[in-house]
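Let me begin by presenting the structure, written as structure tokens, before commenting on it.
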Ligand SMILES: Nc1ncnc2c1ncn2[C@@H]1O[C@H](COP(=O)(O)OP(=O)(O)OP(=O)(O)O)[C@@H](O)[C@H]1O
Ligand SMILES: [Mg+2]
């Protein structure tokens, strides 16, 4: 964990992969009690290697949007392109951390992290698993089963599982929600570290405005009914960012104002 | 890092733990052991009264022989070697019937559990067959397969089939879709989906199905052997009835109980081993 500090400032070369072009006219859920428009007029361009955070109230379609990017939802009006190719289903070049940890209860922690690595040789696989378990600070739990872990620990294993696949696009749905403040800050730093090393595109959903401003290049503010993008704010602060900094707080305030403006409207 | 913290966090805990540990089993046994004893009081009393009444010849010995007489009968048959022949043939019938029935149940359960089309085609038929009391098939089996082994095996297989089929089919249909999405995300082939997600997910329910299938196999071997056999524990019972020796009938009941319990215990131990340390 300590090694995280050193490289944080190293500038990254511009990655060429992981450009997302999102143009969703409408996403409807049709149920027995009628239909519900979860997303409406979502138009967003994410540059390769960009870190985007999505904030917005409960039920405004953040998870739905992430699931579309993952390729798990394919029934909607519009289209989403990754590097110019339409996303038609899941692919190993996109990794996802769900809102729930979704670990497989019959596998140990290390087997769960290795789940998507079946194409690697056993030696490569175990090296990777150890690396990412170290990263989330759970190496000593590698032989435990998910039911023996706390919620926050399970979530960290799920993060390790997604990272181990080294995806070009990493989708994270409130990944740090169940962590204590200290672990959360540590995991945020680790995630930035991984992002800078791998130059992947990251889309992270959070309810925590401070987290969004700390991590993101762009903060997407969504509003509900129907879920739509209210505004996109750029965070032009160099990293590592200072959470108590005046500029930081100004942007934080701006994001909050966007959220409140809708709530009060 | 976190384990280390837990180990050395509270130094006094190291002292506290043994006292807690040594107290816990004592407390447990002070509750459980008498429970087991209490549960034994009535059966032992019954055995005792039964023995005394039989000794006093207040019970007709050809109707209800003393427990010691039953034990002696079993012992004598075991010593003469007859017993093992009968137990062996019954166990073999159960094993073969269970193997066939459970295999069929596994095959059709997996088919209907995985392919909705197969379920729509086969499940209604199988469900309606299930509602027929299995013994009702006996005359047909006898007509088709004769009085020899085949008809017995068929009946036992039928008994073992349904619990296995049902448990697997239902469990496969109810695997948590959220876990299946993880497989989708990693682009598992359908083959991998079954092997790496669906089978491990349904294993606990499947083992329960196998256990009840085995239980029913024992139930049906009794029926099959009572209906006509020249060997087996069921034959012993019929023989005991024909020759008016209640001790043999009672001894056979006891044998069935012991055999059934033993195989169930073996199956559940194998299941526990297979499930390992996972939850549930
Ligand atoms: N599978 C589904 N079927 C029907 N409706 C759904 C489904 N999934 C989501 N919805 C609806 O779509 C809307 C958006 O849901 P979504 O889960 O995307 O919200 P969210 O922004 O992630 O909320 P939260 O912050 O609480 O996680 C909600 O109104 C929800 O009821
Ligand atoms: Mg959500």
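Evaluate the stretch A:120-134: report whether one residue or more is touching a residue at least 40 places away in the same chain (Cβ under 8 Å) and either over 21 Å from residue A:154 (Cα atoms) or part of a loop (DSSP other than H, G, I, E, B) (or both).
No, the conditions are met nowhere in the stretch A:120-134.
Pick out, from the stretch B:175-280, the helices (runs of 4 or more DSSP H) lying fully within it that include 1 or more residues that are closer than 30 Å to residue A:158 by Cα.
B:177-185, B:199-226, B:246-275
Return yes or no: is residue A:46 surrounded by 15 or more Cβ atoms within 10 Å (Cβ to Cβ) and within 16 Å of ligand 1 (Cβ to nearest atom)?
Here the answer is no, as residue A:46 does not meet what is asked.
Give the residues of the stretch B:130-148 that are under 22 Å from the mean Cα position of the chain (by Cα) and in a helix (DSSP H, G or I), sorted by residue number.
B:130, B:134, B:135
Go through the stretch A:49-71 and give me each residue that's within 12 Å of ligand 1 (Cβ to nearest atom), part of a strand (DSSP E or B) and within 18 Å of residue A:21 (Cα to Cα).
Listed by number, the list holds a single entry, A:54.
Just need a number here: residues in the stretch A:81-99 that are touching a strand residue (DSSP E or B) at 6+ places or on another chain (Cβ under 9 Å) and within 12 Å of chain B (Cβ to nearest Cβ).
Total meeting the criteria: 9.
Only one of (1) touching a residue at least 12 places away in the same chain (Cβ under 8 Å); (2) under 30 Å from residue A:260 (Cβ atoms); (3) within 16 Å of ligand 2 (Cβ to nearest atom) is not met by residue A:76, so which one is it?
(3)
Examine the stretch A:82-98 for a residue that is part of a helix (DSSP H, G or I) and buried (at least 22 other Cβ atoms within 10 Å of the Cβ), and state whether such a residue exists.
Scanning the stretch A:82-98, I find no residue that is part of a helix (DSSP H, G or I) and buried (at least 22 other Cβ atoms within 10 Å of the Cβ), so the answer is no.
Would a scan of the stretch A:100-114 turn up a residue that is within 16 Å of ligand 1 (Cβ to nearest atom) and without any contact (Cβ under 8 Å) to a residue 40 or more places away in the chain?
The answer is yes, given that some residue of the stretch A:100-114 is within 16 Å of ligand 1 (Cβ to nearest atom) and without any contact (Cβ under 8 Å) to a residue 40 or more places away in the chain.
Scan B:95, B:78 and give me the residue that is modelled with pLDDT of 90 or more, surrounded by 13 or more Cβ atoms within 10 Å (Cβ to Cβ) and in a helix (DSSP H, G or I).
B:95
Out of (1) over 15 Å from the mean Cα position of the chain (by Cα); (2) within 16 Å of ligand 2 (Cβ to nearest atom); (3) modelled with pLDDT of 90 or more, the odd one out for residue A:59 is which?
(3)
So, in the stretch A:195-211, how many residues would count as being within 16 Å of ligand 2 (Cβ to nearest atom) and either in a loop (DSSP other than H, G, I, E, B) or farther than 18 Å from residue A:248 by Cα (or both)?
Looking only at that region, the number is 6.
Would you confirm whether or not the stretch A:190-197 contains a residue that is crowded, with 21+ Cβ neighbours inside 10 Å and within 16 Å of ligand 1 (Cβ to nearest atom)?
No, the stretch A:190-197 contains no residue that is crowded, with 21+ Cβ neighbours inside 10 Å and within 16 Å of ligand 1 (Cβ to nearest atom).
Yes/no matrix, rows are residues, columns are (1) assigned to a loop (DSSP other than H, G, I, E, B); (2) over 23 Å from residue A:19 (Cα atoms); (3) in contact with a helix residue (DSSP H, G or I) (Cβ under 8 Å, 6 or more places away or on another chain):
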position	(1), (2), (3)
A:189	no, yes, yes
A:193	no, no, yes
A:213	no, no, yes
A:220	no, no, no
A:229	no, no, no
A:232	no, no, no
A:236	yes, no, no
A:240	yes, yes, yes
A:244	yes, yes, no
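Can you find even one residue in the stretch A:33-40 that is within 16 Å of ligand 1 (Cβ to nearest atom) and buried (at least 21 other Cβ atoms within 10 Å of the Cβ)?
Within the stretch A:33-40, one or more residues are within 16 Å of ligand 1 (Cβ to nearest atom) and buried (at least 21 other Cβ atoms within 10 Å of the Cβ).
When you look at residue B:199, is it without any contact (Cβ under 8 Å) to a residue 60 or more places away in the chain, in contact with a strand residue (DSSP E or B) (Cβ under 9 Å, 6 or more places away or on another chain) and within 14 Å of another protein chain (Cβ to nearest Cβ), yes or no?
No; evaluated as a whole, the condition is false for this residue.
The values are calculated or read from the model by the stated rules, or taken from the named source; none is laboratory data. Note that this is a predicted model, so its numbers are computed, not measured. Because the Cβ atoms are built from the backbone with ideal geometry, glycine has one as well, and the counts that use them run over all protein chains shown.
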